[in-house]
Amino acid sequence: MDEKPCLFSSEYRHQFRSICTVHLVTVGYGVTVGWTAPIIPLLRSEDTPLPAGPITVEQASWIGSSLCIGGMTGTVLFALIHTYFGKKIGLLLLAVPHLILWSLIWAGDNVYYIYVARVLSGVTGGGLLTIVPLFVADIADRKIRGALGSLTILHINFGVLASYTAGTYLPYYRIPPIMLVLPVAYLALVSFLPETPYCLLRKGRVDQAEKSLMFYRNVTDDSDGAGTGRGTTRKTLAFQYEFDALKAFVLAERTRQGITLADFQTPDAIRGLFVGVFVMALNQFSGILAILTYAGTILQQSGTTFDNRYALILLALINICGNLTSFAIIDKAGRKFFLLISTVGVGIFLTMLGLHSYYYDPDADSGQYSWVPVFSLAGVIYSAALGITNVPFFVLPEILPPKLRSIGSTIAVVLLCFFAFFVMKAYPLLLEAIGIHGTLWISSAVCAVGVVIIVFLVPETKGKNLVVEEEEEQQQESEANKARTNAF
């Protein structure tokens, strides 16, 4: 029986530290995601810091959804950047829209500044959801790839917690100058990380690529006479095999035919794209991002007697607890299992909150049930954190055929942003039109359909070797090309 790998062992030290460094900008993005929950109720109140006065429900819906417009732009833009300039350049450029958006919020005195800032936040989010999963796939050992993939959503939720807390205790204009420090620190630290071995090999820099892989595998070369340092290991046959396999893959990739329509019509491609689009649709139509965005409004309308400020902080902590649970055991239990129990849990707790809202009478004494909204939202958020909010982003590179991995991920994330825009724009309007119960029951129905699709159509991808899989596909393509040549 294989021993379960320890993420904090010296073998994986550089992978873990590098990905945590990259996730500084992810924390910043999480702050912008959670910023709306405490701030939108403030902006709609008579105590609004904006000179123009309280914002309307329509304006609040645009503040929530404009993030997704930027997300679509950022996804395409950063896909092009990392393809032509490498993942390190793409990661560094993520800091630029982040610097501008907080400057706008700091200087802005009307809602239009906030709209532009939210669009730029979406550009950052679309970019990091495009680049970071591929960066993880490039540098992570397959034994811990799932755990390292879970760190993306975990760090977003660290940012959500920080935002819920800061929005509760700090003045509106105090948050932006604090947040401007984060992208500056991020730029400084990421500049020291080596480019990924895959990107360096694509540029023909073989020696640098080997050094990069040695860094991320925490391996030293005996030939330099330095020996092994503290916590490092010497080159092994396994390391050499991994590097040779990566070189062979990149070499074969250069001679590979371009992507054609026929590549999208194979059974594996159809299934992979369907599952990729499905998990992104589930991620949004289950309502999780909208609930995190409008949590303050939902709590206000749900009839709870809990102080909303403390309830938001509690929900953010529970969100992180769910991520940590998933992070700790997802590589052992599997992606499909976590996605399934996550979807079931979200559906149950959404139904529970909807029932409470349906029977809630603001004129009656319902104090004995005032705990139900907070408990239900906590259940929704914890359940979602187990799978719906994190599994889609690192399953994408595992479920798609190697040839379509990059373009397929881009398509899926663009669709994610489109779905998110629709849901974020509709949610506050639906809350006004059909109430909390009607809105949440729509999302719980989506979860019910999702359970059926997960059980019958979503495969388990735990432990897939992406490089070996790509080599096998290239070999099959080469043999097919030879067969076509011989036929003539």
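The values are calculated or read from the model by the stated rules, or taken from the named source; none is laboratory data. All values reported here derive from a predicted model rather than from experimental measurement. Here the Cβ is made from the backbone with ideal geometry for all residues, glycine too, and neighbour counts use every protein chain on show. These accessible areas exclude ligands, DNA and RNA; they are computed on the full protein's heavy atoms, side chains included. Shrake-Rupley method; radii C 1.70, N 1.55, O 1.52, S 1.80 Å.
What separates the Cα centres of segment 240-261 and segment 137-163 is a distance of 27 Å.
By how many degrees, 0 to 90 and rounded to 10, does the Cα axis of helix 466-487 deviate from the longest principal axis of the chain? Approximately 60 degrees, to the nearest ten.
Mind ordering 283-291, 105-113 by average Cβ neighbours within 10 Å, highest first? Don't skip to the end; give the middle numbers.
Numbers: 283-291: 24.1, 105-113: 15.1.
Listed from highest to lowest mean packing, they are 283-291, 105-113.
Taking the longest Cα principal axis of the chain as reference, the axis of helix 24-34 is set at about 30 degrees. Distance distribution P(r), segment 228-332, all Cα-Cα pairs, bin width 10 angstrom from 0: 10, 18, 22, 21, 18, 10, 1 percent. Taking Cα atoms only, the orientation of helix 206-216 departs from the longest principal axis of the chain by about 50 degrees.
A 1.4 Å probe run over the chain, with the rest of the protein chains in place, finds 42 Å² accessible per residue. Per-residue surface analysis assigns Lys235 an accessible area of about 70 Å², computed on protein heavy atoms at 1.4 Å probe radius.
Cβ neighbours within 10 Å, averaged per peptide: list 413-425, 77-89, 121-133 in order, most packed at the top. Display every interim value, and only then the final one.
On the way: 413-425: 22.2, 77-89: 18.5, 121-133: 28.0.
Highest to lowest by the protection proxy: 121-133, 413-425, 77-89.
Taking Cα centre as origin and charging only the Cβ of basic (Lys, Arg, +1) and acidic (Asp, Glu, -1) residues, the dipole magnitude of the chain rounds to 820 debye. Between [x] 25.3; [y] 23.2; [z] 21.8, which entry matches mean projected area of the Cα convex hull in nm² as derived from the coordinates of this structure? So the calculated entry is the one marked [x].
Across segment 83-183, Cα-Cα distances exceeding 16 Å account for 65% of all pairs.
Once you have a ≥ b ≥ c as the square roots of the Cα gyration tensor eigenvalues for segment 135-191, tell me rounded if a/c is under 1.5, and otherwise prolate or oblate according to whether a/b is larger than b/c. It is oblate, given that a/c is not under 1.5 and a/b is not larger than b/c. Which pairs in the list Lys211/Lys336; Lys88/Lys332; Lys88/Lys403; Lys235/Lys403; Lys203/Lys332 are over 26 Å apart, alpha-carbon to alpha-carbon? Over 26 Å apart, Cα to Cα: Lys211/Lys336; Lys88/Lys332; Lys235/Lys403; Lys203/Lys332.
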